[in-house]
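The values are calculated or read from the model by the stated rules, or taken from the named source; none is laboratory data. Because the structure is predicted, anything quoted here is derived from the model rather than measured. So basically every Cβ, Gly included, is an ideal-geometry build from the backbone, and we count neighbours across all protein chains shown. With ligands, DNA and RNA removed, areas are computed over all heavy atoms of the protein, side chains included. Shrake-Rupley method; radii C 1.70, N 1.55, O 1.52, S 1.80 Å.
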Amino acid sequence: MDFVDEAVIEANVTLEAYKTAKSMYRCTLRSDHNQMVRDITVKEGVVHAPGAANLLHHFALVAQHIDDCDDLVDWAEELGHDPKDEGVKARYIQALEDAKDLRALLGGYTYGNLMGALQIHQAISNARPG
């Protein structure tokens with residue numbers, strides 16, 4: 001998606017990834033603003049590390065969902081999970097951290113552009129027939 005590639009360029013995002021297990025990579029996203037380090041598990045059969053744009057898109061979707069929900073209970077119910085489950089609570093806390101770190105990585109301007117473009121892309125995709 002072009003808008004994600006634009007965010008990579010705007011924030012000067014680079015990715016360093018190295019394999020840590022069969023389907024896992026330690027990924028460090030760096031920009032002119034900050035860095036974000038995550039252990040990423042890829043689907044079975046994928047033999048290469050994710051790209052910077054793939055990771056930004058994933059984390060933008062996470063951030064969008066966090067921004068759309070009021071709290072843990074709202075977030076968990078949207079996903080069909082029990083908000084009292086400690087595993088669900090841990091995933092929510094991680095999603096909050098991912099959203100915060102994405103904003104820091106991109107800077108406010110580029111983050112805003114990315115999130116706005118994501119919403120436009122989704123609206124156009126949902127409006128297309130069939």
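The table that follows gives values for the structure above.
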| item | result |
| --- | --- |
| Per residue, in Å², the accessible surface of the chain once ligands and nucleic acids are set aside, probe 1.4 Å | 61 |
| Apportionment of accessible area to carbon and sulfur, region 82-130, percent (1.4 Å) | 55 |
| Added length on full extension, which subtracts the Cα-Cα distance from 0.36 nm per residue, N34 to D82 | 13.9 nm |
| Cα gyration tensor, the chain - rounded (a/c under 1.5), prolate or oblate | rounded |
| Sparse-neighbour loop sites [GluC sites (Glu not before Pro); region 30-130; at most 16 other C-beta within 10 Å; DSSP] | E44 |
| Rel. contact order, % - alpha carbon contacts under 8 angstrom, at least six apart, the chain | 27 |
| Simple label model, 7 Å out from Cα along Cβ direction - N12 to V73, nm | 4.6 |
| Computed [θ] at 222 nm, helices only, for the chain once each DSSP H run of length n ≥ 4 contributes -39500 (n - 2.57) | -20000 deg cm²/dmol |
| Cα-centred dipole magnitude for the chain, charges only on beta-carbon of K, R (+1) and D, E (-1), debye, nearest 20 | 560 |
| Loop-resident sites, region 31-130, for trypsin sites (Lys or Arg not before Pro), counting at most 10 other Cβ within 10 Å (DSSP) | K43, K84 |
| Label-point separation, M1 to Y109 (7 Å along Cα→Cβ), nm | 2.2 |
| Euclidean distance between Cα centres, region 77-101 to region 21-44, Å | 19 |
